[in-house]
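S.K.: Quick one: the structure is below, and I'll ask about it shortly.
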Amino acid sequence: MKAVIRFRVNGREREILTAPARTLLEVLREDLRLTGTKQGCGEGECGTCTVLLDGAAVNACLVLAVEAAGREVTTIEGLADGPSLHPLQRAFVDHGAIQCGFCTPGMILSAKALLDRRPDPTEAEIREALGGNLCRCTGYQKIVEAVLAAARATAGGEGGAR
Ligand code: FES
Ligand code: FES
């Protein structure tokens, strides 16, 4: 038996017919073709599948799609404003915080959730917020510097990183 779920994804109303056991990650990637959200461990350990659910960072591999019904999901595809990168995306590029890029969408969305609630975080707060996001390539320092730079770039502006 399948269930119809209606939710907003990157500001757009979507309706999906899906088996109740499917994860939000599966629906985003396979049904909506939003493949910016990556599948790594599938067990809540690596953070590559991180998306925002009503503004909070969650591991989409651990959320059933039906749990997103009536809620707002943001994926990495929802951050840029047309050709203009989000300040976090720009900072990751400018600071060399992207190597293979597999962890990057999840890192940026975890960072966005942090900056939305804390526009001027300390380095320790950034490291804690990104603690569930694993990166094999960068050694993390450049990622932390990118988040600090994005926070500075948007501080005192329109309430933090958009
Ligand atoms: S794929 Fe979801 S946490 Fe690793
Ligand atoms: S940039 Fe390769 S895993 Fe992070």
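S.K.: Considering each of Glu123, Glu128, Glu145, Glu45 in turn, give the residue that is closer than 23 Å to Arg22 by Cβ and of a type in the set (Asp, Glu).
M.R.: Glu45
S.K.: Working only within region 66-99, note down all residues that are within 16 Å of ligand 2 (Cβ to nearest atom) and of a type in the set (S, T, N, Q).
M.R.: If the condition is that a residue be within 16 Å of ligand 2 (Cβ to nearest atom) and of a type in the set (S, T, N, Q), then Gln89, Gln99 are the ones that fit.
S.K.: Also, I was wondering about something else. Inspect region 37-49 for any residue being at negative phi, open to solvent by less than 60 Å² (accessible area, probe 1.4 Å) and away from ligand 1 (no atom under 13 Å from the Cβ) and give the result as yes or no.
M.R.: No, region 37-49 contains no residue that is at negative phi, open to solvent by less than 60 Å² (accessible area, probe 1.4 Å) and away from ligand 1 (no atom under 13 Å from the Cβ).
S.K.: Residues of region 11-36 being assigned to a loop (DSSP other than H, G, I, E, B) and either crowded, with 16+ Cβ neighbours inside 10 Å or aliphatic (A, V, I, L, M) (or both), which ones?
M.R.: Within region 11-36, Ala19, Ala21, Arg22, Leu32, Leu34, Gly36 meet the criteria.
S.K.: How many of the residues in region 120-145 are under 15 Å from the mean Cα position of the chain (by Cα) and either among the hydrophobic types (A, V, I, L, M, F, W, C) or closer than 23 Å to Ala80 by Cβ (or both)? Walk me through how you get there before you give the answer.
M.R.: Step one: list which residues in region 120-145 are under 15 Å from the mean Cα position of the chain (by Cα), which gives 126, 129-135, 143.
Cutting the leftovers down to either among the hydrophobic types (A, V, I, L, M, F, W, C) or closer than 23 Å to Ala80 by Cβ (or both) gives us 126, 129-130, 133-135, 143.
Qualifying residue count for the region: 7.
The values are calculated or read from the model by the stated rules, or taken from the named source; none is laboratory data. All of these numbers come straight from a predicted model, not from anything done at the bench. Using ideal geometry, Cβ is built from the backbone for each residue, glycine included, and neighbour counts are taken over all protein chains shown. Just so you know, the surface numbers come from the protein's heavy atoms only, side chains and all, with ligands and any DNA or RNA stripped out. Shrake-Rupley method; radii C 1.70, N 1.55, O 1.52, S 1.80 Å.
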